[in-house]
Structures are given as structure tokens and as C-alpha cells.
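Right, one structure below, let's go through it.
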Amino acid sequence: MTCGARALIHLDALKSNFNRIREAANGARILAVVKADAYGHGLATVATNLPDADAFAVARIDEAFQLHAAGVHQPIVLLEGVTDAEEMQDALQRSFQPVVHCEQQIELLEKASAGSTTVWLKIDTGMRRLGVEPGHATALIARLRACRSVLEIRLMTHLASADDPDDATTSRQLAAFRESLGGFEGEISVANSPAIFSPPDGITASLPPRCTWVRAGVCLYGISPFSDSCGSDLGLRPVMEFVTNLIAVKPIRAGDHVGYGATWEAPKDTMLGIFAAGYGDGYSRFIPSGTPVLVNGRRAQLAGRVSMDMAAVDLGPRASDEVGAPVTLWGAGLPVEEVAACAGTIPYQLVCGVTNRTRRLTVT
């Protein structure tokens, strides 16, 4: 019996999701976002199994180095750009494509002594994280065009509320971005995961006609970017299956308390299962009692607080499950979106939180 938590990474689901995104992208090229260890799915594993991706996006240059070492040949975009002259030189020499979001980064490009690459100028249209003001875009584009280290300029922005079709923020951002384009005729990127899957009469209809790139993030992993749906509603399949096994089964009586703080009380005589996964593996302590888990393929409920290495599940009074029985914490049949809703968080946090102690096993 194999004990301990495992993250099964289904490569067939990954490729199926990529094809579904390609279909929804209406001819735009796909920038596959693999930052944060590919949302917990394994950076090199995901990237090397997406040969048709047009480019990959990471947050930081150390992630780009990992892709480079894994033999990835597609362009690599640095979403946070670079922080100093050394990183800029490394990016230029390896043809990494930095996102430029402030004047200081333009100064680094102007001072660079060798190498050249494509750069992405990020326009802050309302997210208020990274990006230059729309009214400054024309002047900054001119400066970039004068840099001998810049081969091509592309523009991008990031939508803050695309996951809520009723939020007027998106229309304001799109209007600001269109205004910032001026006479720019190069390639641009606006659509993130929710914008890719917005209805034809929604965000996608309002995008500038030259949106030549989409940024596929959480949807690539089979997770819906919308709070009121699961990936399957969008034709996506979960790539990660977070599984473990029962390591103990015992009867308990009505009124017995389970776990730290005695927060869960058995409502009746029942069978209790203990499974080998806890917050040390990435199964969050904030996942509460009553959250569903699958035991031998059927639904049961978490009982008591999750501890570092294990947690308990109410198997039911007539349960016949034995030690070694398979337990699914999320995956096929139990969407991570549902588990995240129980925990009062977002699925991004759960999959990104799977720890290095958890073995990742690829499944073709």
C-alpha cells in the first residue's frame, strides 16, 4: 500500500484543456501561464507536455531558468519583468521576454550592453498593481523603439474583474486600453482565463480586434475562473487529482469528539476513517468539517480539524471501508472548486498550496 498524499497529474486532461482553450481563443495565440510551479502542477512537467503552446509565462526569472534547463524552446515571458541590471542582462542574453511596467525597467533596457528581445509594455487600466498609466503609453513606446535591445514591442493589460460579467470595471478597463493604443499596430494581449471563456456577447465582443494573444492561466489546469461554475461546465477536465489512503478505521459512539479542539461531535454511532494527508501536504487547516471527500469513490464528510499529517472522515455507521482504501481530496468526481468554496477560499490557493512533501505522479 502506498501511504501519504499524492498529486496525480493527468497529462491527457492537460492536453484536452489546451485544445479547448485553443478552440475558445478564436485564432489568438496562447500564452500558457506556468508560474508558481504551474499552479502547483509541476513547472517542467506541464511545459514539456505542451509542445503546441505559443509561449509560456512565468512570474520571475528563476522560473524562466527552470524552463530553460528543462529544454523548453518556446518564448518565455516574465510577467513581473526584471528587478535590476543583472536580471535584465540575463533576460536579454537568453531571449526571455520581460514585461515592462515602469520607467525604471525602460532605463535598464536603455543601458543594457548586449542582447536583444521582445518586450511587453503593460498598461495599468485599473488593476492598480503593475503597469504604466495609459496616457504615458505613447511616449514610452517611443523610448522602447529607440532601444537597440528591443526587437519588438507588444502591449498588454490585466483585467481585474473579468470573472464577474456584471462588474462595470471591465468595460472601463477595455475603454482605457483602447484609448492607450493610439496608432500602435503591434501585437496585444488582454484576455485572461475568464475573458477567454466569456460569452460571445460579453467581454470577448468588447476586446480590441487585434487581441492576438490570450493568457491561459487557471483554465489550463481544468479549473473554472468563475465562482459559480466548475471546469467541467466550460468543457475542461481537472489536471490534478489529490489523493491519499485510509490508515485507520475505528468505531466511535454518538457524542464522541474528534480532533484538536474537540470541534466535531459524532451525531450518532459511526465508523471513523483516518487518512494520511494534512496541512503539511497542502490539505489546508481551513478546510472545515462537513467538506466532502471521496472514499472508495463515494462521498463522505470531513470530521474535525485537519492536522499536519492526517485528518478524519465520517464513513457512516454501516461503512465497510478498510485500511488502504483510496481517498480523493479533490479531482474527478470532486471538483477543487467545491472544496475551495467549503473552505472559503479560491481553488487557485488550494492547488498552489500542495507542498513539496506531496509526490507528484504523472498519469498519461
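Residues that are out of contact with any Pro (no Cβ under 8 Å at 6 or more places or on another chain), of a type outside the set (A, V, I, L, M), part of a strand (DSSP E or B) and buried (at least 17 other Cβ atoms within 10 Å of the Cβ) within the stretch 317-338 comprise just one, Thr328.
Which of the following residues is in contact (Cβ under 8 Å) with a residue 24 or more places away in the chain, under 30 Å from Phe197 (Cβ atoms), among the β-branched types (Val, Ile, Thr) and assigned by TED's automatic domain parsing to the domain that holds Gly42: Val72, Val82?
Just a single option satisfies the conditions, and that option is Val72.
From the list Leu272, Leu236, the one residue that fits, being part of a strand (DSSP E or B) and either touching a residue at least 24 places away in the same chain (Cβ under 8 Å) or buried (at least 17 other Cβ atoms within 10 Å of the Cβ) (or both), is Leu272. Regarding His41, is this residue crowded, with 18+ Cβ neighbours inside 10 Å, at pLDDT 95 or above and either hydroxyl-bearing (Ser, Thr, Tyr) or under 30 Å from Gly280 (Cα atoms) (or both)? When the stated conditions are applied, His41 passes them. Cβ-Cβ distances below 8 Å connect the following pairs, each with a first residue in the stretch 178-200 that is under 14 Å from Val33 (Cβ atoms), a second residue that is assigned to a strand (DSSP E or B) and basic (Lys, Arg), and a separation of six or more residues or different chains: Ser189/Arg154; Ser189/Arg215; Ala191/Arg215; Asn192/Arg215; Ser193/Arg215. Scanning the stretch 46-84 for residues that are under 21 Å from Asn19 (Cβ atoms), crowded, with 16+ Cβ neighbours inside 10 Å and acidic (Asp, Glu) yields a total of 1. Residue count for the stretch 119-161 satisfying the condition of being under 24 Å from Ala91 (Cα atoms) and touching a Pro at 6+ places or on another chain (Cβ under 8 Å): 4. Set side by side, the residues Ser116, Ser189, Ser161 differ, and just one is modelled with pLDDT of 90 or more, closer than 27 Å to Glu87 by Cα, surrounded by fewer than 20 Cβ atoms within 10 Å (Cβ to Cβ) and among the polar types (S, T, N, Q), which is Ser116.
The values are calculated or read from the model by the stated rules, or taken from the named source; none is laboratory data. Bear in mind the structure is a predicted one, so any value in this text is a computation, not a measurement. Every residue, glycine as well, gets a Cβ built from its backbone with ideal geometry; the counts of neighbours run over all protein chains shown.
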